[in-house]
Amino acid sequence: MDWQDFYTRCKKKYSNDRNLLFMIEKFEKVYEDEHFGSNERFRNLFYSSNKMCRKTFFNFKKYAVEFYEWLYEQGRVTLEQKELVSSLTYEDVMSSEEIDRYYFKSLHDVMSLIDSAQSRLKENCDISILKTVSVLSWYDYSMEAMIDLKKDNLNKNRNSIIYSGAETIVEEEYMSILSDYAEQKSYISSAGKVFYYVPSSRLLRTNRSEQVNPNIIYQNIKKLNSVLGEYFGKNISLVSLRNNGEFYRIYTYNINHQGDYSFTAWHKVMYQKWKDKYNFDSDK
């Protein structure tokens with residue numbers, strides 16, 4: 001089987017699968033690349049399709065395995081590279097893509113990214129709300145808890161949030177973000193228009209309501225992500241930020257106390273990939 005056979009067979013059999021056709025086209029573009037057979041190159045081809053479903057992955061992998069068999073016979077890849085294709089799992093690919101797009105080395109990087117995106121936002125967006133929900137998610141607050149929080153739950157003197165009988169210690173830099181937002185009377189939109197918050201005891205509120213609706217938060221995140229994805233290759237996800245914050249605290253705890261956390265299989269894979277992505281173990 002040569003390249004044209006591989007390409008033609010895939011296009012014919014899976015003509016209705018746009019993600020798969022996209023992958024085939026990516027293969028065609030890099031086929032003559034001298035690094036085509038490298039492990040990293042192959043993995044990146046999969047990462048480029050961040051919405052690939054499990055079925056598409058296995059359809060593509062089946063033909064990729066055949067093609068790498070042919071490459072091996074032609075002496076273009078090593079036995080190790082050929083076997084990598086056979087051993088690659090859906091979880092390997094998608095968890096790495098998820099780390100690349102939705103996870104960060106630190107909360108500071110999240111705040112910096114939001115600041116960088118602000119000038120590119122064309123739609124009305126409340127940056128203060130975006131930063132606040134990002135901080136709260138990092139410190140493991142659910143949407144329900146965030147919406148329920150009151151300004152009085154913030155204890156600036158202790159750099160903490162006291163809520164539902166528990167106290168969460170927050171780094172001073174991020175406590176300032178929460179406290180400043182709590183005291184804010186208004187915000188300026190990307191178009192330069194001033195919006196005044198409705199007076200409220202709630203931490204999260206808008207210019208129209210004393211208590212923010214989850215849809216408003218998700219709408220703001222969607223607007224932000226349209227810019228982040230286009231210019232920075234990143235996205236904000238509240239669920240991922242909660243996991244990200246947990247990974248960061250676990251790593252910090254393990255470094256300081258040589259402790260050990262119990263993981264689910266998924267968390268174990270994601271935690272290790274997050275550490276590998278940001279070279280945490282090299283910092284020891």
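Bear in mind that the values in this text are calculations on the coordinates, not laboratory data. Here the structure is a predicted model, which is why all the values come from computation and not from measurement. Quick reminder, even Gly has a Cβ in these numbers, built from the backbone with ideal geometry, and neighbours come from all protein chains shown.
Observations
- The stretch 107-277: C-alpha gyration tensor shape, a/c 1.5 cut-off, then a/b vs b/c: oblate
- Viscosity 0.692 mPa s, 37 °C: Kirkwood-radius Stokes-Einstein D of the stretch 55-172 over Cα pairs, µm²/s: 176 µm²/s
- Nonlocal Lys pairs with alpha-carbon distance under 20 Å, the stretch 93-230 (8 or more apart, or different chains): 17
- Low-density loop positions, trypsin sites (Lys or Arg not before Pro), the stretch 93-162 - DSSP coil, at most 16 other Cβ in 10 Å: K105, R120, K122
- For the stretch 107-277, DSSP calls about 100 percent of its internal beta bridges antiparallel.
- All Cα pairs of the stretch 100-142, percent lying beyond 11 Å: 69 percent
- 3J(HN,Hα) couplings calculated from phi for the stretch 238-251 with the Karplus curve 6.51 cos²θ - 1.76 cosθ + 1.60 (θ = phi - 60°) are, in sequence order, 5, 5, 5, 5, 5, 5, 4, x, 5, 4, 4, 5, 5, 4 Hz; Gly and Pro show x.
- Using a Förster distance of 45 Å, the FRET efficiency for R249-A191 (Cβ separation, nearest 0.05): 0.75
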